[in-house]
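This report refers to the structure that appears directly beneath it.
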Amino acid sequence: MSQTWWRGAAIYQVYLRSFADGNGDGVGDLAGLRSRLQYLKDLGIDAIWLNPWYPSPMADGGYDVADYRDIEPVFGTLAEAERFIEEAHDLGIRVIIDVVPNHSSTESAWFKEALADPAARDRFWFSDEPLNDWQSIFGGPAWTQVPDGQWYLHLFAPEQPDFNWGNPEVHQEFEDVLRFWLDRGVDGVRIDSAALLIKSDTGYEDLDEVHDVYRRWREVADEYGERILIGEVWLPDQERFARYLRPDELHTAFNFDFLSCPWNPAELRRVIDLTLATHTPIGAPPTWVLSNHDVTRPVTRYGREDTAFEHGGRLHGTPSDLELGYRRARAAALLAMALPGSVYVYQGEELGLPEVEDLPDELRQDPMYARSGGTNPGRDGCRIPLPWSGDEPPFGFGTGSGTGTPWLPQPESWRKLTAEAQRTDLGSMLNLYRDALRLRRDLLGDGALTWLPLGDEVLAFTRDSGLTCVTNLSPDPVPLPAGRLLLASGPLEDGTLPTDTTAWLTRD
Ligand code: GLC
């Protein structure tokens, strides 16, 4: 088993706007994050991945970057970011930031220059007329006209003009940006929309030249020692996906097949086997992801009749049995954490937060909502500010002097889900995550697994360390294999493992 930290890391995703608000203006910030670092240390994570923290008009939650070398003033300052990196490192927590190379912001210096001077447009995709009929991923056409009559390409919102990666200046710029942050001590970057950079007449998804970009980035990262590149690569074809993880490209990529997989034993096993078969031959560690800032929270998803995730918001508002979803989310968390490779925890997952599906439409901020003409509710429901303490909103989210009304409202019912309420409750989701992450550090991480034949509806495997993980997806309780029980996602019934429950056992 490799000792390289990232191969088996537990990585906590911080959506800064909604994590903790240190100055009481209703928006999460670096001061808030720094004040909660001990919470993350106690949770037992190895690294933090932060969504974009750069100056941004926030047309897409910060994925519209106006300046790649600074910090959004609402979040803090560059000096504060540097202090945060140091403080995290002092606690043994690594820091991963988000880099957005596919597109910029209409407020970036380069785009403003391009608007002012038609001779300075080659860093983007400008044309006298739309070159194709591509639709933006958020809905509506992917081309927008500027006042002098030309059009520019944006795969996402019109405020996010796509870079032209055929221009060497763009390559140079991103290498410089990587160095800028690596010089400041960040341990890795998560690469946004990593497969979309290169465009051709026929399309933009996963074109071969994109690999040249990452080979070069890998050389840059390697100059700094152990710094990692993580790809956001949504591709249905596992062979194509694996190409991003070749030894001279990215270190890891998010496992969206696992994230999207329904709560079904055959499907889960198929996805786990496929993931291992894809990663093992190239020596890349798999990742296990249940949630992030773009998808429905697992508690809500697993409580629905259709437990798969798919983009487009089709299932939004369909009935969800949240008690069932919560139980399954606990079982899924232990399953994910026992699998070989690294695991991601999206903020609030450790509190068992459900998706907020009843936000009033006028409060929705995600461009997906407006761009889809309201047919897709967007992703605000998984981005609600965290509940930390107390009995009523804002649940300790804001700690500064302002009035602290959070930028999206929190449900009253979250009083039971605050970190404070869960800390002293031994059966809480928070304590399940804490216990599991602690055990995982000693007994799990990277390596191999061996399936145990406990029936088609029971996922059971052992790891080299001797840990056995059993998840019961059958309708009836099942006997547990021999071993000492270390942890279970719910109470056992006379020594048997109930439906939708996971147990960890050890040989000794
Ligand atoms: C990625 C991000 C998402 C963003 C999009 C455009 O998918 O995760 O939040 O909207 O890229 O940057």
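Please name whichever of 384, 405, 363 sits farthest to the positive end of the charge dipole of the range 326-447, dipole taken about the Cα centre and charges placed at Cβ: Lys and Arg +1, Asp and Glu -1. After comparing all options, I get 384. Where a ≥ b ≥ c are the square roots of the eigenvalues of the C-alpha gyration tensor, would you call the range 370-433 rounded, which needs a/c under 1.5, or, failing that, prolate if a/b is larger than b/c, or oblate? Judged from the Cα gyration tensor, the range 370-433 comes out oblate (a/c at least 1.5, b/c at or above a/b). Taking a straight line from the alpha carbon of residue 41, these lysines sit under 27 Å away, with near neighbours fewer than eight places off in the same chain left out: 416.
Between residue 266 and residue 172, full extension at 0.36 nm per residue minus the direct alpha carbon distance yields a gain of 29.2 nm. Sorting 235-241, 214-220 by their mean Cβ neighbour count within 10 Å, with the most densely packed peptide first, gives 214-220, 235-241. Using the Cβ-Cβ distance between residue 146 and residue 67 with R0 set to 22 Å, the FRET efficiency works out to roughly 0.55. I'd like the orientation of helix 168-183 relative to the chain: the angle between its Cα long axis and the longest Cα principal axis, in ° from 0 to 90, rounded to 10. Between helix and principal axis, roughly 50 degrees.
Averaging the Cα positions of each part gives two centres, and for the range 353-387 and the range 420-472 these lie 32 Å apart.
Here each label is just a point 7 Å from Cα along the line to Cβ, and for residue 464 and residue 209 those points are 4.2 nm apart. For the chain, the longest principal axis of the C-alpha atoms and the axis of helix 322-338 are separated by about 90°.
Computed on the range 25-89, with alpha-carbon pairs under 8 angstrom and 6+ residues apart, the relative contact order is 34 percent. Considering only alpha-carbon pairs that sit under 8 angstrom and 6 or more positions apart, the relative contact order computed for the range 67-146 is 13 percent. Across all C-alpha atoms in the chain, the radius of gyration and Dmax reach 22.5, 76 Å. For residue 425 and residue 37, the FRET efficiency from 1/(1 + (r/R0)^6), where r spans their Cβ atoms and R0 equals 30 Å, is about 0.85. Across the options 499, 65, 354, the greatest Cα extent toward the positive end of the charge dipole of the chain (unit charges at beta carbon of Lys, Arg, Asp, Glu) belongs to 499.
Note on the range 108-159: with charges restricted to the Cβ of Lys and Arg (+1) and Asp and Glu (-1), its dipole about the Cα centre is near 160 debye. Applied to the range 290-304, the Karplus parametrisation 6.51 cos²θ - 1.76 cosθ + 1.60 on θ = phi - 60° returns per-residue 3J(HN,Hα) values of 9, 6, 6, 6, 10, 10, 5, 5, x, 4, 7, 4, 6, x, 8 Hz, with x for Gly and Pro. Between 0 and 90 degrees, the angle of helix 210-223 with respect to the longest Cα principal axis of the chain falls at about 70 degrees. Please report how far the C-alpha centroid of the range 1-68 lies from that of the range 128-150, rounded to the nearest whole angstrom. Cα centroid of the range 1-68 versus Cα centroid of the range 128-150: 33 Å apart.
For the chain, the residue among 204, 236, 125 whose Cα projects farthest onto the positive side of the dipole built from Cβ charges is 236.
If only the Cβ of Lys and Arg carry +1 and only the Cβ of Asp and Glu carry -1, the dipole of the chain around its Cα centre is close to 1580 debye.
Charges were assigned to the Cβ only: +1 to each Lys and Arg, -1 to each Asp and Glu. The resulting dipole of the range 413-508 about its Cα centre is roughly 500 debye. Using C-alpha pairs under 8 Å with a sequence gap of at least 6, the mean separation divided by the residue count of the chain gives a relative contact order of 15 percent. Normalising the Debye intensity of the range 105-223 to I(0), with uniform scatterers on Cα atoms only, and taking log10 at q = 0.09, 0.11, 0.13, 0.23 Å⁻¹ returns -0.27, -0.40, -0.56, -1.42. Need one word for the range 291-407: rounded, prolate or oblate. Basis is the Cα gyration tensor (sqrt eigenvalues a ≥ b ≥ c); a/c below 1.5 gives rounded, then a/b vs b/c decides. Verdict is oblate for the range 291-407.
Just so you know, all these numbers are worked out from the coordinates, no wet-lab data involved. Given the structure is predicted, the values throughout are model-derived calculations rather than measurements. Note: ideal-geometry Cβ built from the backbone for every residue, glycine included; neighbour counts use all protein chains shown.
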